[in-house]
1. Give a quick list of GluC sites (Glu not before Pro) in segment 74-178 that DSSP marks as loop, anything other than H, G, I, E or B, with at most 15 other Cβ atoms within 10 Å.
2. With a 1.4 Å probe and all protein chains in place, put ASP125, ASP160 in order of accessible area, largest first.
3. Show me the trypsin sites (Lys or Arg not before Pro) within segment 58-158 that DSSP assigns to loop and that have at most 10 other Cβ atoms within 10 Å of their Cβ.
4. Among the GluC sites (Glu not before Pro) in segment 3-47, which ones are in a DSSP loop with at most 11 other Cβ atoms within 10 Å of the Cβ? Mind listing them?
5. What number comes out for accessible area per residue over segment 96-186 if the probe is 1.4 Å? Units Å², please.
6. Could you please state, rounded to a whole Å, how far the C-alpha centre of segment 146-178 is from the C-alpha centre of segment 19-41?
7. Once you put a point 7 Å from the Cα of ALA89 and another 7 Å from the Cα of GLU77, both along the Cβ direction, what distance in nm separates them?
8. Search the structure for amide H atoms under 5 Å from the amide H of LEU65, placed 1.01 Å from N in the peptide plane, and list their residues when 5 or more places away or on another chain.
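The values are calculated or read from the model by the stated rules, or taken from the named source; none is laboratory data. Because the structure is predicted, anything quoted here is derived from the model rather than measured. As a convention, Cβ positions derive from the backbone with ideal geometry for all residues, glycine included, and neighbour counts pool all protein chains shown. What goes into the accessible areas is simple: the full protein's heavy atoms, side chains included, and nothing from ligands, DNA or RNA. Shrake-Rupley method; radii C 1.70, N 1.55, O 1.52, S 1.80 Å.
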Amino acid sequence: MKLYQNEISSATSRVRIALALKGLTAEALPVTILGENAESRQAGYRSVNPQGLVPALLTDSGVLLTQSLAIVEYLDELQPEPPLLPDTAEDRALARSIALAITAEIHALLPPRIGLHLRATFQADADAITAWDRHWVGEGMAAVETMIAGRRRGTFAIGDQPSIADIFLFPQAIGARRLGFDLARWPHIAEIVARLEAIPAFRDNAPTARR
């Protein structure tokens with residue numbers, strides 16, 4: 001397998017965590033994502049992934065998969081152990097709802113292309129873009145905290161082993177911390193993240209900071 005990735009990308013981090021948990025490997029194919037001239041915005045990469053986003057996974061059979069949630073669920077089916085989805089239908093739905101609350105409602109408003117658009121269309125400077133990011137992260141993580149608190153019965157977000165909910169929560173929480181948030185404002189998230197940071201698959205595949 002080949003993974004088109006960028007190490008600052010929280011979406012890439014999710015897939016790298018899943019690969020590590022499953023004991024799977026993929027050849028890393030770096031793609032730059034920052035700035036007007038980023039490789040992700042060029043025709044060469046758009047011919048691979050029309051959205052111009054990372055990650056993208058090229059399977060051993062030559063099929064290109066995009067979107068981190070789809071890729072993580074593919075890996076879960078490819079290598080069933082350890083399972084990344086809980087046992088019951090309700091808990092599986094809850095795990096997916098937490099993952100989607102992060103990827104579709106928080107992260108979707110934060111990628112570099114959003115900042116470029118805010119700058120080009122609304123003349124937003126770096127401080128304004130950071131304020132934008134902090135607003136959506138703060139609002140979104142507060143909602144995720146409430147979602148977890150209302151149904152948590154175990155060590156992690158759902159149950160006593162990491163699931164896709166934790167795989168999506170962890171990189172977003174690391175990003176929130178880098179934006180200046182104290183995770184203690186979200187007690188369940190803070191406790192879960194502290195536990196996840198002790199697991200090498202999570203700790204070693206966290207998104208790196210922007211330079």
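1. GLU105
2. The ranking, largest first, comes out as ASP160, ASP125.
3. Passing both the DSSP loop test and the Cβ count: ARG153.
4. GLU36
5. Spelled out: the 1.4 Å probe surface of segment 96-186, per residue, equals 47 Å².
6. The two parts, judged by their Cα centres, are 24 Å apart.
7. Result for the modelled spin labels: 1.9 nm.
8. Counting only residues 5 or more places away or on other chains, the set is LEU57, LEU58, THR59.
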